[in-house]
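Accompanying notes for the structure given below.
We did not get these values from a lab; they are worked out from the coordinates using the rules stated. The shown structure was predicted, so the numbers you read here are calculated from the model rather than taken from an experiment. Neighbour counts are summed over all protein chains in view; Cβ atoms, including those assigned to glycine, are modelled from backbone coordinates with ideal geometry.
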Amino acid sequence: MSRSRASLLLAALLLQSPTLAAQDTVDVLITGGRIYDGTGGAPRDGAVGIKGDRIAFVGALPRNVTAKRRIDARGHVVTPGFIDPHTHAYEGLPRLDLERRRNLSSLLQGITTVVLGADGRGPLEVKRVLDSSQTLGLGTNTYALTGFGTVRSRVMGNSSAPATPAQIEAMRTLIATAMQQGAYGVGSGLFYVPQTYATTDEVVAVVSAAKPFGGVYDTHQRDESSYSIGLFASTREAIRIGCESGLTTNIGHIKTLGVDMWGRADSVLAIMREARTRGCTVVADQYPWTASGTGLSAALMPRWAQAGGRDSLRLRAADAEQRARMLADMRENLRRRGGDSTLLLIDGDDAKAAPYIGKTLKQVAADAGQPAVETALDLVLRGIDMGVASFNMTEADIEVFMRDPYVMTSSDGSDGHPRLFATYPRKIRRYVLDRPVISMARMVESASGQVAATYGLTDRGVLRAGAYADVLVFDPQRLKEEATYTEPRKLATGMQWVFVNGTAAVADGAPTNALAGRALRKR
Ligand SMILES: [Zn+2]
């Protein structure tokens with residue numbers, strides 16, 4: 001062996017166990033487990049030591065090590081805590097109640113870090129939100145994206161007009177301030193009103209204010225289907241916005257939505273690959289469900305009808321000609337999604353929604369004795385804009401996306417949809433164990449190390465000495481999704497140990513109610 005090769009090896013060894021001699025006492029010693037370290041490499045058997053909030057060592061068990069707590073992980077895997085890059089878990093922070101802040105729906109899936117600010121609705125006062133959530137306490141770590149939608153609403157309200165140069169300047173200032181305060185990027189939801197009224201150029205002009213800070217442009221893109229500009233043009237638009245803004249583009253919850261796009265996952269991935277050859281950094285995240293979750297009006301109402309808000313919508317609906325046009329557009333949107341039996345009403349804020357929960361639009365329309373779209377329009381006009389599970393994806397496309405090395409795992413967890421409680425156990429069960437669509441090493445990487453690397457979450461998402469001790473111990477065969485579309489709020493079972501910053505948040509299968517999460521800030 002050459003001398004330089006030997007010294008490289010020595011350096012590598014030292015990196016793996018920086019101060020072992022001084023660390024012969026650890027707080028937690030996990031032995032006998034199969035270690036997936038989050039980098040996608042082959043698993044290995046070995047020990048993991050935790051001292052304070054950090055990982056002390058990974059691999060060979062140091063001699064003479066003593067531990068305050070020993071965990072026998074034989075028959076279990078040991079992995080980094082999962083990082084969920086598309087969630088609605090902490091929307092409304094810091095006003096959330098204790099139950100929401102504990103975030104057991106995430107912890108019992110093995111998620112130790114969740115993003116705050118998906119779909120362009122992230123906070124502007126990033127520092128205030130992170131400071132106060134830290135004071136209140138969180139069950140999981142959180143990191144924030146600021147939001148194009150929040151910025152546009154702040155400056156322009158619900159306006160469908162193009163932004164003036166002065167308005168663009170005002171929006172840029174807000175973005176830059178939020179980035180300065182520790183946001184990891186900018187989110188958008190160009191599918192949604194009022195963000196959808198922004199042109200590509202406007203979004204680039206605003207989002208590029210984040211350029212000096214770097215980070216991620218994360219988007220619920222303008223069209224995941226054939227609604228407006230179409231999925232392919234929309235994917236190109238998303239990449240252009242991210243690339244011209246000097247940011248990594250992340251296509252949130254990548255999918256082919258609706259009958260017109262089924263079978264086209266390959267073409268979407270090809271657009272992303274082509275962009276990489278031009279030097280753009282492009283990734284995506286995905287949830288493993290054939291139903292998306294959205295609002296009844298977002299799913300069916302044409303955007304022109306929504307401009308100005310609900311009062312304007314009511315005025316339009318009272319006009320016979322506009323009403324007819326609206327219903328025609330809604331019929332077409334319903335066809336795209338797969339028809340009235342594919343929309344399941346799952347969630348609503350007030351008592352008026354209760355009678356409809358758990359029914360398909362087809363059933364509600366039959367009860368009302370009128371066509372589906374008229375029933376939906378009535379609900380929206382009465383202010384009952386319910387959450388829907390929209391069964392609009394195919395297993396085949398889900399698997400094509402999942403196999404791509406640039407597609408990460410996310411939950412998009414939202415009330416009423418079982419993905420909030422069950423995404424990660426489901427993906428492991430269905431796509432790693434039952435059918436080997438991806439390997440366990442790839443599953444873990446897509447849910448931890450790759451997310452940390454994409455967002456720049458330093459010292460997270462990997463098992464290595466010196467990294468923060470966000471660590472899971474579980475038996476994959478016993479990890480189970482319990483939530484279903486009809487009972488979406490059932491906690492996952494089988495997660496044995498979850499450490500968040502070295503503190504046990506789940507101990508021997510039971511939540512400890514520790515609030516060990518931290519508010520992470522980009523430096
Ligand atoms: Zn979304």
Exercise for the section: Report the normalised scattering of region 253-300 as log10 I(q)/I(0) at q = 0.18, 0.20, 0.30 Å⁻¹, calculated by the Debye formula with identical scatterers on the alpha carbons. Expected result: -0.70, -0.81, -1.16
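Using DSSP to define loop residues, name the trypsin sites (Lys or Arg not before Pro) in region 43-108 whose beta-carbon has at most 16 other beta-carbon atoms within 10 Å. Intermediate results must be reported in sequence, preceding the final value.
Numbers: sites: 44, 51, 54, 63, 68, 69, 70, 74, 95, 100, 101, 102; in loops: 63, 74, 95.
Listed in order of number, the matching sites are 63, 74, 95.
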Completion exercise
One finds the C-alpha centres of region 451-518 and region 196-265 to be spaced, in Å, by 30
Fill in the blank from the handout: Once Lys and Arg are counted +1 and Asp and Glu -1 for all other residues with Cβ under 10 Å from that of residue 88, the total becomes -3
Exercise for the section: First select every other residue whose beta carbon is under 9 angstrom from the beta carbon of residue 149; then total the charges, Lys and Arg +1, Asp and Glu -1. Expected result: +1
Handout entry: ³J(HN,Hα), Karplus 6.51/-1.76/1.60, whole Hz, each residue of region 478-486, x for Gly, Pro
Key = 9, 6, 9, 7, 10, 6, 10, 5, 8
Exercise for the section: Mind giving me the nanometre distance, one decimal, between the label points for residue 403 and residue 487, set 7 Å out from Cα along Cα→Cβ? Expected result: 3.5
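I'd like the Kirkwood hydrodynamic radius of the chain, using the inverse of the mean 1/r over distinct C-alpha pairs, in Å.
Numbers: mean 1/r = 0.0419 Å⁻¹.
That comes to 23.8 Å for the chain.
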Problem - Length-normalised contact order for region 82-140 - Cα pairs under 8 Å, 6+ apart - percent - result: 48
Fill in the blank from the handout: Placing each pseudo-label 7 Å from Cα in the direction of the beta carbon, residue 459 and residue 158 end up separated by a distance in nanometres of 4.7
Exercise for the section: May I ask you to list the lysines whose Cα is less than 18 Å away from that of residue 68, ignoring any residue fewer than eight positions away on the same chain? Expected result: 51
Handout entry: the chain: angle of helix 265-277 to the longest principal axis, Cα-based, in degrees nearest 10
Key = 60
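Given the alpha-carbon gyration tensor of region 131-186, what are the semi-axes of its equivalent ellipsoid in whole angstrom, ordered largest first, with each equal to the square root of 5 times an eigenvalue?
They are 28, 12, 9 Å, listed from largest to smallest.
For the cross-link pairs 352/490; 359/490; 211/427; 127/352; 490/522, which exceed 29 Å when the distance is taken from alpha carbon to alpha carbon? List each step's numbers first, then the result.
Working: 352/490 24 Å; 359/490 19 Å; 211/427 34 Å; 127/352 37 Å; 490/522 34 Å.
Correct reply: 211/427; 127/352; 490/522.
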Completion exercise
Contact order relative to length for the chain, counting C-alpha pairs under 8 Å separated by 6 or more residues, stands in percent at 21
Exercise for the section: Calculate one ³J(HN,Hα) per residue across region 509-522 by plugging θ = phi - 60° into the Karplus curve 6.51 cos²θ - 1.76 cosθ + 1.60, and present them in order as whole Hz with x for glycine and proline. Expected result: x, 10, x, 9, 6, 5, 10, 9, x, 10, 8, 8, 10, 6
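Tally the DSSP beta bridges in the chain and give the antiparallel ones as a percent, rounded to 5.
Values: 37 of 72 bridges.
Taking every DSSP beta bridge with both residues in the chain, the antiparallel ones total about 50 percent.
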Exercise for the section: Any aspartates and glutamates with Cα under 15 Å of the residue 362 Cα? List them, leaving off those in the same chain fewer than 8 positions away. Expected result: 340, 374, 378
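Counting only helical runs of four or more DSSP H residues, what would the 222 nm mean residue ellipticity of the chain come to if each run contributes -39,500 (n - 2.57) and the total is spread over all its residues?
-10000 deg cm²/dmol
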Practice task
Work out which chymotrypsin sites (Phe, Trp or Tyr not before Pro) in the chain are exposed loop sites (DSSP not H, G, I, E or B, at most 16 other Cβ within 10 Å) and give the longest gap free of them.
Solution key: 1-261
Practice task
Tabulate in residue order the Karplus-calculated ³J(HN,Hα) for region 252-260, using 6.51 cos²θ - 1.76 cosθ + 1.60 with θ = phi - 60°, rounded to whole Hz; enter x for Gly and Pro.
Solution key: x, 5, 4, 6, 10, 8, x, 4, 5
